[in-house]
Each structure stands twice: as structure tokens, then as C-alpha cells.
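For reference, the structure is listed below as C-alpha cells.
The values are calculated or read from the model by the stated rules, or taken from the named source; none is laboratory data. Treat the numbers as computed from the prediction; the structure is a model and nothing was measured. For neighbour counting, all protein chains shown are included, and Cβ atoms are generated from backbone atoms with ideal geometry for every residue, glycine included. Just so you know, the surface numbers come from the protein's heavy atoms only, side chains and all, with ligands and any DNA or RNA stripped out. Shrake-Rupley method; radii C 1.70, N 1.55, O 1.52, S 1.80 Å.
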Amino acid sequence: MTKVVADTGDFSSIEKYKPEDATTNPSLILQSLKNPSCREPILAALKKAKEKFPNAEEKELLREALDHVAIAIGCEILKKVPGYVSTEIDARLSFDKDATIDRARRLTRLYEEAGIGKGRVLLKIASTWEGIQAAKILESEGCRCNMTLIFNFWQALACAQANVTLISPFVGRILDWYKAAEKRDFKPKEEPGVISVCKIFNYYKKHDYNTIVMGASFRNRGEILELAGCDRLTISPQLLEELERLETKLEPKLSVETAKSLDLSLIHICRCRRRG
């Protein structure tokens, strides 16, 4: 059955719902900064950054401090979940393979200095062509990657062929685009984002890819119910609360057995067309 991943940096919500993993991003970390329970590890992280670079310029010190805060929050989350925490690489580096690799290695070192090994951290990287190539190198070094900002099957296929650990295909953001473009609503089963994740999951399982499929960016609980059976789903506390109140039995909609029975040809991506 699906493993639940908390899409939050709020410690109390993680303790309440006891997820397998947790994902973070800059917005969630910003919310954590406002939480009194996060005050102590955050202040300690800021102090450490200042001590490490006492003569740094303001911009460099700010970057150092933000990285230490992200690591501090990740370490606190790992005390509360048995699996992974996802820490995001700066999205401004999404089209720079080498810079993405450098930043990922840096965050990995900071986690290791805090006593957290590579096996508990997912480096969250945008699924541009450059990001996927960076992830391929990082995975070969033992780093584990969570490829995010996936909006179509072809991104997911490139990630699988790069042997990344996990992908996060977006559901809600795809729905947002279609609702704006077509000026109509969709039933959960008919949502383009739900259909996209189903297609990716079935293809992966049909062809024995080990990459974990984790549906993300949900707008309503109906999307989650339609994707029951997916490897993982990262869910906000608000939607976890709605699911907790459900009185009906949750039935899986996706399964390896069903995927294996489908007629899905194996596809290879052999080259990348240059952006215009």
C-alpha cells in the first residue's frame, strides 16, 4: 500500500500523523521559521554559520545561514520520521548542472557534519535536462535524489533512465493549468494530473524501474484517493486531516499486478533537443 509522506516542516503535524518520510521546500521552511518549536535549532544554525564565516560578506553569510537552517530543520524532522527527509536545491540553479552538483555536495557535507548520512536524505532537484544529468552523477556518488517539478511523462522517463531514487510528479499544478486553459472543472478520476501519475506509475512497474513514484502537489482528497496504491504520496497536514475523517475503506487504485498486465512498449530517450 502507499507510504504517506508529510508535505510540511511543522514538527507537531509530523508527530501527529507519523509519516514514513517528510518533504520540505523554501516555503515550508519559511513557515517553520515562524514556529516557536523551531526557534532553538534555527538560532543554533545561525550562530554556527556566523562562527564558520566570521568575515564573510552579507550575501555569502546569508546563503550559509539559510543552508544551515535548512539542515537544522531536516535534522529535527529526521528525529520524527523513520525514512527520508527531502531538502531542496536552490531552484535558481535548475539549468546549471555543475552548480546543482556543487550545491548538492555541499548540503550533503553539512548533513554529514550533523551526523546524518546520505541514506536518510533526498536532494530535491528540478527535473530539467540539466537537473536530471546532475542527479545521475550524484546518484553514482551515493547521494539520493528526489526529482521534482515533473509535469509530463517524458521528464519521468528521463529520470528513470538516470536511475534516480525518487520522482515527485505534480498533480495539482497540472490541474491548475488545465482549469485555466479549458475554463472548466474536472472530476478527480478525470484530472490530467491524476492521469499523468497513473501513466508514470504503470510504465515504471511494467518495465521494472526501481525509481520510487511519489505523487505530489495535491489540491483535494479526491486526487489522493484516485492514486491510492502509488509508491508514496506527499500530503499536506490539511489533507491528512480530511483523510483521517474518512469513514469508508480506502481501496488501492494502482497496483504492480495491474501494471504488469498492460501493453506498454519500452521507450528509450536517446538525445535531447536544444532549447530555442
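Considering (1) surrounded by 16 or more Cβ atoms within 10 Å (Cβ to Cβ); (2) over 24 Å from Lys136 (Cα atoms); (3) modelled with pLDDT of 80 or more, the lone condition that Lys3 does not fulfil carries the number (1). Could you go through the range 87-102 and let me know if any residue there is farther than 24 Å from Arg219 by Cβ, of a type in the set (D, E, K, R) and under 17 Å from the mean Cα position of the chain (by Cα). Yes - at least one qualifying residue is present in the range 87-102. Among the residues making up the range 102-112, those that are within 15 Å of Leu78 (Cα to Cα) and not hydrophobic (A, V, I, L, M, F, W, C) are Thr108, Tyr111, Glu112.
Being farther than 19 Å from Leu149 by Cα and either touching a Lys or Arg at 6+ places or on another chain (Cβ under 6 Å) or not in a helix (DSSP H, G or I) (or both) is a property that Leu233 lacks.
This table checks each residue for (1) touching a helix residue (DSSP H, G or I) at 6+ places or on another chain (Cβ under 8 Å); (2) outside any strand (DSSP E or B); (3) open to solvent by 20 Å² or more (accessible area, probe 1.4 Å).
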residue: Asn210; (1), (2), (3): no, yes, yes
residue: Gly215; (1), (2), (3): yes, no, no
residue: Phe218; (1), (2), (3): yes, yes, yes
residue: Glu242; (1), (2), (3): yes, yes, yes
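Scanning the range 97-145 for residues that are open to solvent by less than 10 Å² (accessible area, probe 1.4 Å) and acidic (Asp, Glu) yields nothing.
Condition check ((1) touching a Gly at 6+ places or on another chain (Cβ under 7 Å); (2) assigned to a strand (DSSP E or B); (3) not polar (S, T, N, Q)) across all residues:
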| residue | (1), (2), (3) |
| --- | --- |
| Leu122 | no, yes, yes |
| Ile125 | yes, yes, yes |
| Ala134 | no, no, yes |
| Ile137 | no, no, yes |
| Asn146 | no, yes, no |
| Trp154 | no, no, yes |
| Ala160 | no, no, yes |
| Ser168 | no, yes, no |
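Looking at this structure, is Glu257 in a helix (DSSP H, G or I) and either touching an Asp or Glu at 6+ places or on another chain (Cβ under 7 Å) or open to solvent by 90 Å² or more (accessible area, probe 1.4 Å) (or both)? Judged against the criteria, Glu257 is a match.
Counting only helices (runs of 4 or more DSSP H) that sit wholly inside the range 1-115, those with at least 1 residues that are of a type in the set (Asp, Glu) are 11-17, 39-52, 58-78, 97-113.
Based on what the data block shows, is Asp176 of a type in the set (D, E, K, R) and open to solvent by less than 90 Å² (accessible area, probe 1.4 Å)? Here the answer is yes, as Asp176 does meet what is asked. Of the candidates Glu190, Glu182, Glu251, Glu223, the single residue that is open to solvent by 60 Å² or more (accessible area, probe 1.4 Å) and closer than 22 Å to Ala6 by Cα is Glu251.
Thr148 meets all of the listed conditions (1) open to solvent by 30 Å² or more (accessible area, probe 1.4 Å); (2) in contact with a Ser or Thr (Cβ under 7 Å, 6 or more places away or on another chain); (3) among the polar types (S, T, N, Q) but one, namely (1).
A count restricted to the range 160-173 and to residues that are open to solvent by 10 Å² or more (accessible area, probe 1.4 Å) and closer than 17 Å to Ala216 by Cα stands at 3.
Residue under question is Tyr111, and the condition is that it be free of Cβ contacts under 8 Å to residues at least 24 places away in the same chain and not β-branched (Val, Ile, Thr); does it hold? Answer is no for this residue.
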